[in-house]
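Participant: I'd like to ask you about the structure that follows.
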Amino acid sequence: MAQGASVNVSAVTSSPHVGTHADAPLHVHEGWPGAHELPLDAFCGPATVVDVSDLRGAITLAALEGRAPVGRIERLLLRTGRSIAGGEFPEAWPALTEDAARALVGLGLRLLGVDAPSVDERESKTLGVHRMLFSGNACILENLDLRRVPAGEYELMAFPQKLMGLDAAPVRAVLRTV
């Protein structure tokens, strides 16, 4: 190494739930798969962004059916307009009902992504939507930055880091227009 040259080495200490991340089933149930076991194919492929920013509270299947062809969506990204991307934690955000989550999984949903901090409502103690999605082998992305993304069809690439035994993993999410 040349005299006077330096090497930078950084360190990061954080929760894997900070910023855009993929929750693992371990997040809601001890003994369920951790972040290192998330199926990568769920995080890459055609995705539909649906704008639900005008809704408050629970999002039903009927509310989604009026906005997108839910029976054909494998990767659904909900633009709630309640993102942390602007630097503030929202007071509340719209979230799927457990029945809507169950129905979507039954229709072939493989991944649900939201720009909000959680797929469940802020005050949820049971994380029922998380549990419903994971029970149906669907994956979860949270804290997406969809502020400048209009509703429509995209290609999603959002691979979670392979972190052994954790309940979530950071993600660098990219949408490409199709």
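The values are calculated or read from the model by the stated rules, or taken from the named source; none is laboratory data. Since the structure is predicted, the reported quantities are computational estimates derived from the model, not experimental observations. Counting neighbours? That spans all protein chains shown, and the Cβs are built from the backbone with ideal geometry, glycine included. We work out accessible area using only protein heavy atoms, side chains counted, and drop any ligands, DNA or RNA first. Shrake-Rupley method; radii C 1.70, N 1.55, O 1.52, S 1.80 Å.
Participant: For percent of Cα pairs over 27 Å apart, one of (1) 49; (2) 26; (3) 23 was computed from the structure I shared and the rest are decoys. Which label?
Facilitator: The value matching this structure is (3).
Participant: Further question: Give me the percent of the accessible area of the range 1-150 that comes from carbon and sulfur atoms, probe 1.4 Å, all protein chains in place.
Facilitator: 51
Participant: Leaving ligands, DNA and RNA out of it, rank S118, S15, S10 by accessible area with a 1.4 Å probe, largest first.
Facilitator: Ranked list, largest accessible area first: S10, S15, S118.
Participant: Using mean Cβ contacts within 10 Å as the protection proxy, how do 36-49, 68-81, 145-158 order, highest first?
Facilitator: Most protected by this proxy first, the peptides run 68-81, 36-49, 145-158.
Participant: Sticking with this one: Report, for the chain, the % of DSSP beta bridges that are antiparallel, rounded to 5.
Facilitator: Numbers: 17 of 30 bridges.
Close to 55 percent.
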